[in-house]
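First comes the structure, then the notes that go with it.
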Amino acid sequence: MAPGSRPWGALLLLPLPLLLPLPSACRAEGGCGGEGGPLEPFDALYASGVEAYYGGDFAGAARCLERALRSRRELRAARLRCRRRCRGQVRLVAPGAGAGGDLPFFGSVLRRAGCVRRCEEPSLGAPSRHLAAEEVRADFQRRVPYSYLQRAYIQLNKLEEAANAAHTFFMANPEHMEIQQDIENYKTTAGKVSLIDREARQHMEDYSAGVRHYDKEEYELAIDFLERALKGYYSEDEDCQIMCEGPQRFEEHEYLEYKAGLYEAIADHYMQVLACKHDCVRELATRSGRISPIENFLPLHYDYLQFAYYRVGDYVKALECAKSYLLFHPDDEDVLENAGYYEGLLEGTMDPNTIKPRKEAKMLLRRHKVESHLLQVAAAGLGYSYTEPNYWNRYGARQDEHSVPSSISSEPEDGPRLSLVKKPMPKLDRELKEGGPLLYSDVKFVYNSQQLNGTQRVLLDNVISEEQCRELHRVASGIMLAGDGYRGKTSPHTPNERFEGATVLKALKYGYEGRVPLKSARLFYDISEKARRIVESYFMLNSTLYFSYTHLVCRTALSGQQERRNDLSHPIHADNCLLDPEANECWKEPPAYTFRDYSALLYMNADFEGGEFIFTEMDAKTVTASIKPKCGRMISFSSGGENPHGVKAVTKGQRCAVALWFTLDPLYRELERIQADEVIAMLDQEHLGPSEMNINPKDEL
């Protein structure tokens, strides 16, 4: 290996999945060789593969992980096959009138349930065999098994398989900054130019290929791929509808304590099934690993096709696709004019009124409207919480202004027009300012936004002293709990580090109880208030900045797990929106903390290796600024998509900081902070006094 080069192929490995009893095939010598009997549960195979990996049995790990991936695919295929077959064999009967009129309907329901059970059991075994934990399902959704798989294939010197596994993982995890380079190294070493996404969704692949050909003005090829994409879309939609008929989660009820009546229980379950089916539109428009869908996805197929068919001279198909698009957007002026133009071209040869929108588009839209109506009825009458999303947002339009065919100037002025609707850039709801006073004479300004290559950023030093850093560190060692602030997960972002944390209220509680020095506990409260005042003043906010969350956190490099490490301590993200690097967007929607407005990190030490704080572009790869923590240094920035950031791996020692998030909305004030304020007021009344830090300094500038 050349000096200074990195070991390649080192993708993020996430925590060991929930260990289950090993499948018989994996317990046997030679790994996952057994094939007889009911389908092995994919979660047990996955656990076996990971255990084999950490045990150094890379051949066994690869076999079990491949079997786990195949088992999950076969499980879905078996369920689809049986539910589809039983739909055809057992039709639901309409209820009759009078007493007992509902018996034919419920009888058909029971017969269909029995049909599904009889069909599934021979190949799948008991239903309880395939109830994977939520954490395991999330791992498969994020393609984590491919991370283990590619590392195993490296050890087996199977570079082509490793490259494809790495690529498959990367397609759903594009936030890992250096993996693209790793994949380039695979290409060079394995001599492989193209990589395979093993979990690619064919309708999405065909759509992307169709758009690429459209942009190159290869209209016949564009038509072939877009038509294939539509066929795949409707097939996948049917599968999605069927899969929604499986078990649902009763979010507001514990199943064993569920005491609802017959119709309430049916309504509760059916509304969850219906919401799942209604959301298939979003599911089929969302790329793997992404959170938000391609806007206007299904109508866009018809929009591209109407113009492509026109360019190849098929005016009947052009009009058919234009009318299909108008089902979703009946007021789109451009496509309305296009449809009128196509009708004019056809006059004299046929009656344009005989050309109708496509049947499958009409059926889907009709079903979608009925689903929406039922969900809204349930929300109004049964107490459900439901808001109808805008599934057909017209901001998702063809972006054709850079790919207009050169011959368009020869078309008649009243010829077909291209849809040029652009998605507007998001606007901040406040005026951006910076450069206000720092309030404290000892605080040193280091860099502003321009020097940090971004927007609403500032780097400061000497926010707290060396002695205060040491005292705060002593407090931390006495109050921090592993996994605090991370829902009990000791390694929430990487398995190679342990995370510990504590809140302000916990520090004050421990101080009041005498478990740590009270003055030291209060220091945590006081320095966080000092940080809040500085941020509010420097960014010249014209309203009060409130605490949203305050957390003292230390991350420690785990010994024996740092060799060839190439992940991040904290992946690239934004603090109030969901970063989508491929779309170059940050979606301000749950589960993001959309109410957060500003963030700050106050560092307590520098005696560790790695752990640099980094800003990136929205691609989550291009680093725009890198900051080395040290005692008293504070980085603060606005919390939105303008400031994607992360933390490089801590490879030795312990890195500690006070993390602070702020909001301008008093409705989202930190509850623990309000309680901490009450504790401080009580302590002041008892004359226990503040820490040595004055949070209303006399040395204001």
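The values are calculated or read from the model by the stated rules, or taken from the named source; none is laboratory data. Given the structure is predicted, the values throughout are model-derived calculations rather than measurements. When we count neighbours, we look across all protein chains shown, and the Cβ atoms used for this are built from the backbone with ideal geometry, even at glycine. Note: accessible area is taken over every heavy atom of the protein model, side chains too, but ligands, DNA and RNA are not part of it. Shrake-Rupley method; radii C 1.70, N 1.55, O 1.52, S 1.80 Å.
Quick look at the values:
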{"quantity": "Complete set of residues in the range 546-579 that are more than 20 Å from residue 500 (Cβ to Cβ) and modelled with pLDDT of 85 or more", "calculated": "546, 547, 548, 572, 573, 574, 575, 576, 577, 578, 579"}
{"quantity": "Cβ pairs under 6 Å, 6+ apart, first in the range 674-696 and modelled with pLDDT under 75, second open to solvent by less than 50 Å² (accessible area, probe 1.4 Å)", "calculated": "691/522; 691/523; 691/526; 693/526; 695/526; 695/529; 695/530"}
{"quantity": "Qualifying residue in the range 65-79 (condition: part of a loop (DSSP other than H, G, I, E, B) and in the same structural domain as residue 151 (by the TED database))", "calculated": "no"}
{"quantity": "Subset tally (residues that are open to solvent by 40 Å² or more (accessible area, probe 1.4 Å) and outside any helix (DSSP H, G or I)) for the range 277-288", "calculated": "2"}
{"quantity": "Meets criteria (at pLDDT 85 or above, of a type outside the set (S, T, N, Q) and surrounded by fewer than 18 Cβ atoms within 10 Å (Cβ to Cβ)) for residue 118", "calculated": "yes"}
{"quantity": "Tally of residues being in a strand (DSSP E or B) and closer than 18 Å to residue 598 by Cα across the range 628-663", "calculated": "15"}
{"quantity": "Some residue of the range 293-313 being open to solvent by 40 Å² or more (accessible area, probe 1.4 Å) and at pLDDT below 90", "calculated": "yes"}
{"quantity": "Counted residues, the range 535-575 - those being out of contact with any Pro (no Cβ under 9 Å at 6 or more places or on another chain) and closer than 17 Å to residue 454 by Cα", "calculated": "3"}
{"quantity": "Selected residue [modelled with pLDDT under 85, surrounded by fewer than 23 Cβ atoms within 10 Å (Cβ to Cβ) and small (Gly, Ala, Ser)] from 592, 606", "calculated": "592"}
{"quantity": "Among the candidates 49, 56, residue that is modelled with pLDDT of 90 or more, of a type outside the set (A, V, I, L, M), part of a helix (DSSP H, G or I) and open to solvent by less than 80 Å² (accessible area, probe 1.4 Å)", "calculated": "49"}
{"quantity": "Evaluation of residue 366 against (1) at pLDDT 90 or above; (2) surrounded by 15 or more Cβ atoms within 10 Å (Cβ to Cβ) (one fails), failing number", "calculated": "(2)"}
{"quantity": "Total residues in the range 627-643, condition within 25 Å of the chain's Cα centre (by Cα) and either free of Cβ contacts under 8 Å to residues at least 12 places away in the same chain or surrounded by fewer than 18 Cβ atoms within 10 Å (Cβ to Cβ) (or both)", "calculated": "0"}
{"quantity": "Flag for residue 475 being at pLDDT below 90, in contact with a Gly (Cβ under 6 Å, 6 or more places away or on another chain) and either of a type in the set (Phe, Trp, Tyr) or crowded, with 17+ Cβ neighbours inside 10 Å (or both)", "calculated": "no"}
{"quantity": "Residue list for the range 339-363, restricted to those being more than 20 Å from residue 297 (Cα to Cα), open to solvent by less than 20 Å² (accessible area, probe 1.4 Å) and under 44 Å from the mean Cα position of the chain (by Cα)", "calculated": "339, 342, 355"}
{"quantity": "Residue in the range 489-501 that is assigned to a loop (DSSP other than H, G, I, E, B), over 26 Å from the mean Cα position of the chain (by Cα) and farther than 24 Å from residue 441 by Cβ present", "calculated": "no"}
{"quantity": "Search result, residues across the range 559-594 that are of a type in the set (A, V, I, L, M) and within 11 Å of the chain's Cα centre (by Cα)", "calculated": "578, 579, 592"}
{"quantity": "Test: residue in the range 153-166 that is open to solvent by less than 30 Å² (accessible area, probe 1.4 Å) and charged (D, E, K, R)", "calculated": "no"}
{"quantity": "Test: residue in the range 522-536 that is touching a Ser or Thr at 6+ places or on another chain (Cβ under 6 Å), open to solvent by less than 20 Å² (accessible area, probe 1.4 Å) and not in a helix (DSSP H, G or I)", "calculated": "no"}
